[in-house]
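The values are calculated or read from the model by the stated rules, or taken from the named source; none is laboratory data. Quick caveat, the model's predicted, so the values are computed rather than measured. Heads up, the Cβs are rebuilt from the backbone with ideal geometry, glycines too, and the neighbour counts pull from every protein chain shown. Please note that ligands, DNA and RNA were not included when accessible areas were found on the heavy atoms of the full protein model with its side chains. Shrake-Rupley method; radii C 1.70, N 1.55, O 1.52, S 1.80 Å.
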Amino acid sequence: LGELYRLLSDKDFQLQMDGLVLLLEYCKGSPQLISNNIVPIFDIFVLRLQDCNKNVIQQALEVLALMIPMLKGALHQVQVPLVIAVTQNLNSKHLGIRAAA
């Protein structure tokens, strides 16, 4: 999980994108690991939904859509910040972000 935290928290947008891919891989391969650590992971993940880079936001929204069925039972712990972050993206001028939200 250390690598996941590092990538998602990095200032470089490409490393953040790599972190989003890694998060999705963990959700597919080890959903229980993500569920057990959902609050600290999603504290960082929500920041990617509010990132200044449009590509990061769009990928984070797309990853979230894929993760929801895998983590459905654990998401209640992070539901409020997720809903707020996704809702903020509904008003985006960027078509890809608005569609993903």
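Each residue in the range 1-18 was checked for being part of a helix (DSSP H, G or I), in contact (Cβ under 8 Å) with a residue 24 or more places away in the chain and open to solvent by less than 70 Å² (accessible area, probe 1.4 Å), and 6 pass. Against the condition under 20 Å from L22 (Cα atoms), among the aliphatic types (A, V, I, L, M) and open to solvent by 60 Å² or more (accessible area, probe 1.4 Å), how does L71 come out, does it pass? So L71 fails the test.
Filter the range 70-100 down to residues that are in a loop (DSSP other than H, G, I, E, B) and within 15 Å of F45 (Cβ to Cβ), then give me how many there are. Step through it out loud before you land on a result.
From the range 70-100, those in a loop (DSSP other than H, G, I, E, B) are 72-74, 90-94; that's our starting set.
From what is left, the residues that are within 15 Å of F45 (Cβ to Cβ) are 74.
Qualifying residue count for the region: 1.
For the range 86-100, the condition of being of a type in the set (K, R), modelled with pLDDT under 95 and open to solvent by 40 Å² or more (accessible area, probe 1.4 Å) holds for at least one residue. Of the residues making up the range 25-50, just one is open to solvent by 70 Å² or more (accessible area, probe 1.4 Å) and not in a helix (DSSP H, G or I), namely Q50. Does Q59 qualify as being touching a Leu at 6+ places or on another chain (Cβ under 6 Å) and open to solvent by 30 Å² or more (accessible area, probe 1.4 Å)? Yes, satisfied.
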